[in-house]
Amino acid sequence: MALGDWDWVEAGGGRLARRDELMLKAQAVQALAMAKLSPRRADSLARIDLETILPPDGAVARAAEALAAEVSEPWLFNHSARAYLWARLLLPDLKFDDEAVYVALMLHDLGLTQAFMDRSGEEVCFTRPAAREAHRLTRSMGWEERRARLVADAIALHLNVVVGSDQGAEAMMVRTGSGADVAGLGLKAVARPLRDAVCGRHPRLELKTRMVEALDAEAARTPCCRIGFMYRSLGFRDRVLGAPFES
């Protein structure tokens, strides 16, 4: 069990101990250092044909997409669809389970929807109901436990500031894609025309406003979980509003 993974979320609901908060602060320092050291890849990314990046067509991918479309408002569904494109663009050389990444990104924010929002009255991270439903869906459709847990862990971990290779390529992809779309993380490497093309395929639909509203409510409901901590200590709300998109 490690900070942010599915076992950790299930064990404590996603509530942070003091040690966890210190680890997240250390991750923030690491992320800043990594951003400064990362080479710019705008030229190479500009040569990528976005039309060649297509979602997987497996049965579980289609089921996850259908579920997300059914329960999510359009702005939230489009966020998940764009996050997949950002992940593919920003980590082009990583070897990963494509369908597992797509399923995780389609379902990673289910806990923000009315259908799956936690109503237990406890202080529970919104990744918990999302990870549980992703695990249930994938197992019910025949995926082995190892692969189903890849998805659940990737969903649970996407709120960590940094996800390393030791936590799996799939979790790295989900963290990279979701962070890019919500807060613009890593997008200095993506030229404006390519950013516009991604948003043209799946319009943002006032994502900044809508996501901040959702995360404001989440931070107030779960102040001891990761979103509450990142709001208080890491300026995450300002990062969302300052992302390099018009809306």
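Tell me the relative contact order for the chain as a rounded percent, counting alpha carbon contacts under 8 Å between residues six or more apart.
The normalised contact order for the chain reaches 28 percent.
Regarding the stretch 67-203, what whole-number volume in Å³ per residue does the convex hull of its Cα atoms give?
About 113 Å³ per residue, rounded to a whole number.
Suppose each label sits 7 Å from its Cα in the direction of the beta carbon; what would the Ala191-Arg221 distance come out to in nanometres?
Going by the 7 Å Cα→Cβ label model, 4.2 nm.
Pick from Arg232, Arg195, Arg119: which residue has the top mean-square fluctuation in a GNM of the chain where Cα pairs under 10 Å get a spring?
Answer for the Gaussian network model of the chain: Arg119.
Could you look at the chain and say what percent of its accessible area is carbon and sulfur, using a 1.4 Å probe and all protein chains?
The computed percentage sits at 54.
Can you compute 3J(HN,Hα) from phi for each residue in the stretch 115-129, using the Karplus curve 6.51 cos²θ - 1.76 cosθ + 1.60 with θ = phi - 60°, rounded to whole Hz and x for Gly and Pro?
So the J values, rounded to whole Hz, are 5, 10, 4, 5, 10, 6, x, 8, 8, 10, 4, 5, 6, 5, x.
Please report, to two decimal places, log10 I(q)/I(0) for the stretch 152-193 at q = 0.15, 0.32 Å⁻¹ as given by the Debye formula with identical point scatterers on the Cα atoms and no solvent.
Log10 I(q)/I(0), no solvent term: -0.35, -1.10.
Per DSSP helix of 4 or more residues, -39500 (n - 2.57); summed, then divided by the residues of the chain. What does that give at 222 nm, rounded to the nearest 500?
-19000 deg cm²/dmol
Can you tell me what the convex hull of the Cα atoms of the chain projects to on average, as an area in nm²?
Details: hull surface 48.5 nm².
One quarter of the hull surface, i.e. the mean projection, equals 12.1 nm².
Run down the aspartates and glutamates and flag those whose C-alpha is under 13 Å from the C-alpha of Lys188, throwing out any fewer than 8 positions away in its chain.
Partners found: Asp43.
Using every Cα-Cα pair within the stretch 144-229, state what percent have a distance larger than 22 Å.
Percentage above 22 Å: 39.
Hey, what do the phi angles of the stretch 77-91 turn into as Karplus ³J(HN,Hα) couplings, whole Hz, using 6.51/-1.76/1.60 and θ = phi - 60°, x for Gly and Pro?
After applying 6.51 cos²θ - 1.76 cosθ + 1.60, I find 4, 5, 4, 5, 5, 5, 4, 5, 5, 4, 4, 5, 6, 7, 10 Hz.
The values are calculated or read from the model by the stated rules, or taken from the named source; none is laboratory data. All of these numbers come straight from a predicted model, not from anything done at the bench. As a convention, Cβ positions derive from the backbone with ideal geometry for all residues, glycine included, and neighbour counts pool all protein chains shown. We work out accessible area using only protein heavy atoms, side chains counted, and drop any ligands, DNA or RNA first. Shrake-Rupley method; radii C 1.70, N 1.55, O 1.52, S 1.80 Å.
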